[in-house]
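The values are calculated or read from the model by the stated rules, or taken from the named source; none is laboratory data. On a predicted model such as this, the values are computed, not experimentally measured, just so you know. Note that we place each Cβ from the backbone using ideal geometry, even for glycine, and neighbour counts take in every protein chain shown.
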Amino acid sequence: MKVELLNYTKDGDKLIAQAAKLCYSEAGLKEINENLSPEEVDRFVHMLTSLGHMSPMEHISFSFYVEGISRACSHQLVRHRLASYSQQSQRYVRLDDFDYVIPPAIEKNPRAREVFIEAIKRDQEAYEDLVQALMEEGMKDKNLTDKEKNALEKRAIEDARYVFPNACATKVMVTMNLRSLLHFFEMRTCLRAQWEIRNLAIEMLKEVKKVYPLLFQEAGPGCLRGPCPEGKMTCGKIKEVRAYFQGGQDD
Ligand SMILES: Cc1cc2nc3c(=O)[nH]c(=O)nc-3n(C[C@H](O)[C@H](O)[C@H](O)COP(=O)(O)OP(=O)(O)OC[C@H]3O[C@@H](n4cnc5c(N)ncnc54)[C@H](O)[C@@H]3O)c2cc1C
């Protein structure tokens, strides 16, 4: 999987402090800016986080480019509604030799791996056969223009793609504001999340920590900041999870 932080709001911590100070002050933005030292910015960011006053965090956002995740994972990703997405289309892009993601447990089990690869091959063949079958009838007309041929192919691939598996790799751009991103990290870096979206969330967290270490200092699963929110469903590994996130997510 490849995860790249494409863009983000610069001076975001200052923007958060400005927004927060505006809430609590009689002054306008001009006076607020005059008295806004870097120490005050840090103080405001800490205060908001500890109070759970999160709306000033919505003013800054982060855009990521993600490549090589499965459609199973991208489906889990897009369940996070407070975000914007652009995803490679299987309607418009013909996938010859489609890339796919092998779950680690399948990768290291020779028998399971064989079954998996065979299934992928059959899916690819079925896709190509379907595209051909769906285009055959229309292609009999020798007078088709290039535009008509393209339209025919598009109609064929958009139906043939129904045989593609969840393993099919995809590319997606995602933008979230800070509040939404912190919530995403809380849910998806948790050990209860599936391995792939958890890996994705951890890679995204590593990227944003490089540009805003303070803002993301306490980001991660809920158990970093209190008892495990999963209750009876807890993974029971709170010590290890805390050590991993507080130690900088070294692999
Ligand atoms: C371990 C795990 C297991 C899961 N298992 C399943 C499963 O079996 N089946 C399944 O369908 N999903 C499952 N999910 C997905 C989960 O239910 C959420 O859909 C997903 O995590 C997105 O979370 P969210 O709604 O909090 O995030 P967002 O959609 O980003 O929303 C953020 C927050 O905004 C508020 N919000 C957003 N939309 C609304 C709304 N319409 N009304 C009120 N408040 C809103 C809520 O406070 C919400 O927490 C699972 C997730 C995890 C982490």
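Residue under question is residue 158, and the condition is that it be more than 16 Å from the ligand (Cβ to nearest atom) and on the phi < 0 side of the Ramachandran plot; does it hold?
yes
Given 13, 97, which one is at pLDDT below 95 and not assigned by TED's automatic domain parsing to the domain that holds residue 215?
Matching residue, one of 13, 97: 97.
Right, residue 72: of a type in the set (Gly, Ala, Ser), in contact with a helix residue (DSSP H, G or I) (Cβ under 8 Å, 6 or more places away or on another chain) and farther than 16 Å from residue 157 by Cβ or not?
yes
Of the conditions (1) in contact with a His (Cβ under 9 Å, 6 or more places away or on another chain); (2) of a type outside the set (Val, Ile, Thr); (3) not assigned by TED's automatic domain parsing to the domain that holds residue 195, residue 80 fails just one. Which one is it?
Only one criterion is unmet by residue 80, namely (3).
Name the residues in the stretch 161-179 that are within 16 Å of the ligand (Cβ to nearest atom), in a helix (DSSP H, G or I) and surrounded by fewer than 19 Cβ atoms within 10 Å (Cβ to Cβ), would you?
179
Only one residue in 207, 186 is among the charged types (D, E, K, R), modelled with pLDDT of 95 or more, more than 10 Å from the ligand (Cβ to nearest atom) and surrounded by 15 or more Cβ atoms within 10 Å (Cβ to Cβ), so which one is that?
Answer to the selection: 207.
Based on this model, can you work out whether residue 144 counts as without any contact (Cβ under 8 Å) to a residue 24 or more places away in the chain, out of contact with any strand residue (DSSP E or B) (no Cβ under 7 Å at 6 or more places or on another chain), part of a helix (DSSP H, G or I) and more than 16 Å from the ligand (Cβ to nearest atom)?
Taking the combined requirement at face value, the residue does not satisfy it.
Only one of 6, 82, 48 is in a strand (DSSP E or B) and under 21 Å from residue 180 (Cβ atoms); which?
6
Quick check on my filter: what residues within the stretch 37-87 are over 10 Å from the mean Cα position of the chain (by Cα), aliphatic (A, V, I, L, M) and either at pLDDT below 95 or away from the ligand (no atom under 16 Å from the Cβ) (or both)?
41, 45, 47, 48, 51, 54, 57, 60
Looking at residue 114 and the list (1) assigned to a loop (DSSP other than H, G, I, E, B); (2) more than 28 Å from the chain's Cα centre (by Cα); (3) modelled with pLDDT of 85 or more, which single condition is not satisfied?
(1)
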